[in-house]
Amino acid sequence: MTDGGDKDGGSEHLYSRVLLKISGESLMGQQAYGIDPEMVATVAREVRDVIASGVETCLVIGGGNIFRGVSGAAAGMERATGDYMGMLATVMNALAMQNALEMLDVPTRVMSALPISAVCEPYIRRRAMRHLEKGRVVIFAAGTGNPFFTTDTAAALRASEMGCAALLKGTRVDGVYSADPEKDPAAVRYDSLSYLQVLSEDLRVMDASAVSLARENNIPILVFSIEDSGGFERVLKHKGKFTIVS
């Protein structure tokens with residue numbers, strides 16, 4: 001496959017409002033678990049640059065760097081309990097990201113699907129829309145608020161509710177591959193895929209519920225490396241390496 005390259009010759013962003021989904025593991029940096037403050041600061045700078053260019057931005061961050069409900073269930077814990085613990089982990093990540101953004105003078109609100117009024121706002125759709133219109137970054141925490149749903153599904157749901165023009169998945173690799181490129185050197189990178197290809201070939205871009213929801217609402221999914229400096233803003237102009245699912 002060819003490089004994701006300049007799919008668009010213009011310099012302007014193609015999207016006015018986007019949702020960025022990053023995994024909790026992306027915040028670990030080189031650590032084995034937890035939150036690496038430097039990695040959080042790096043992501044915050046990427047978001048600041050996009051906000052400064054006039055793109056309304058909201059985020060969903062996973063919790064796998066702190067706790068993963070599925071692994072808890074595998075160890076004998078009730079799945080629903082494990083998932084609720086995972087939701088609380090996403091709140092911790094959201095607060096860390098909020099702190100990093102506010103240190104860069106970016107106004108930010110954390111809105112949680114689980115009411116935790118001492119540290120963040122409850123998720124109310126119309127209020128979230130208002131925050132975005134005022135130029136604030138909104139971080140959606142605690143997934144959908146329901147067990148058995150992943151933060152990928154939460155990202156697709158919130159992107160749909162907010163009327164986002166695109167859903168960006170920031171990962172540790174620069175797009176979607178036929179296999180894990182960190183394990184299989186023969187893995188092939190795709191420039192573009194259809195929603196149906198992703199589902200039928202089980203490419204694990206996001207879980208099936210998230211891909212189906214994005215498909216129903218005609219929201220393209222752009223997968224890129226969050227570790228690539230300036231990558232977030234470049235992808236919004238369809239530049240650099242990325243895979244688009246549409």
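Read-outs throughout are calculated quantities, based only on the coordinates presented, and are distinct from any laboratory measurement. Quick caveat: nothing in here was measured; it's all calculated off a predicted structure. All Cβ positions, even for glycine, are placed from backbone atoms using ideal geometry, and neighbour counts span all protein chains on display.
Give me the dipole magnitude in Debye, nearest 20, for segment 73-184 about the Cα centre, with unit charges on the beta carbon: positive for Lys and Arg, negative for Asp and Glu.
Details: 12 positive and 12 negative charges, 106 e Å.
Computed about the Cα centre, the dipole is about 500 debye.
Between Ala80 and Ala52, take the C-beta separation as r, use R0 = 25 Å, and let me know the FRET efficiency to the nearest 0.05.
0.05
How big is D for the chain, in µm² s⁻¹ as a whole number, if Stokes-Einstein is applied with the Kirkwood radius of its Cα pairs at 37 °C and 0.692 mPa s?
So the translational diffusion coefficient is about 183 µm²/s.
Magnitude of the Cβ-charge dipole of segment 17-245, K/R +1 and D/E -1, about the Cα centre, nearest 20 debye?
Computed charge dipole of segment 17-245: roughly 680 debye.
How much length is gained on full extension from Ser200 to Asn218, taking 0.36 nm per residue of separation minus their Cα-Cα distance?
So the chain would gain 4.7 nm between Ser200 and Asn218.
Just name one of Ala159, Ala41, Val198: the one whose Cα is farthest towards the positive end of the charge dipole of the chain (beta-carbon charges, Lys/Arg +1, Asp/Glu -1).
Ala159
Just going by the charge dipole of segment 17-245, with Lys and Arg at +1 and Asp and Glu at -1 on Cβ, which of Phe67, Pro181, Phe149 is farthest out on the positive end?
The residue sitting farthest along the positive end of the dipole is Phe149.
Return Lys241, Lys134 ranked ascending by Cβ neighbour count within 10 Å, so the fewest neighbours appear first.
Working: Lys241 19, Lys134 10.
The order, fewest Cβ neighbours first, is Lys134, Lys241.
Could you give the length gained on full extension between Ser71 and Ala186, defined as 0.36 nm per residue of separation minus the Cα-Cα distance, in nm?
38.5 nm
Quick check on packing: order 87-97, 144-154 by the mean number of other C-beta atoms within 10 Å, highest mean leading.
Numbers: 87-97: 23.1, 144-154: 20.4.
Averaged packing, sorted descending, gives the order 87-97, 144-154.
Show me 193-202, 220-229 ranked by packing, highest mean number of other Cβ atoms within 10 Å first. Show your work: numbers first, answer last.
Details: 193-202: 14.4, 220-229: 20.8.
Top of the packing list down: 220-229, 193-202.
How far apart, in nanometres, would the label points at Arg172 and Val119 be if each is projected 7 angstrom from Cα along the Cα-to-Cβ direction?
2.5
Express the relative contact order of segment 17-245 as a whole percentage, based on alpha carbon pairs under 8 Å and six or more residues apart in sequence. Please list the in-between numbers first.
Details: 461 pairs, mean separation 47.8, N = 229.
Taking the mean separation of contacting Cα pairs over the length of segment 17-245, I get 21 percent.
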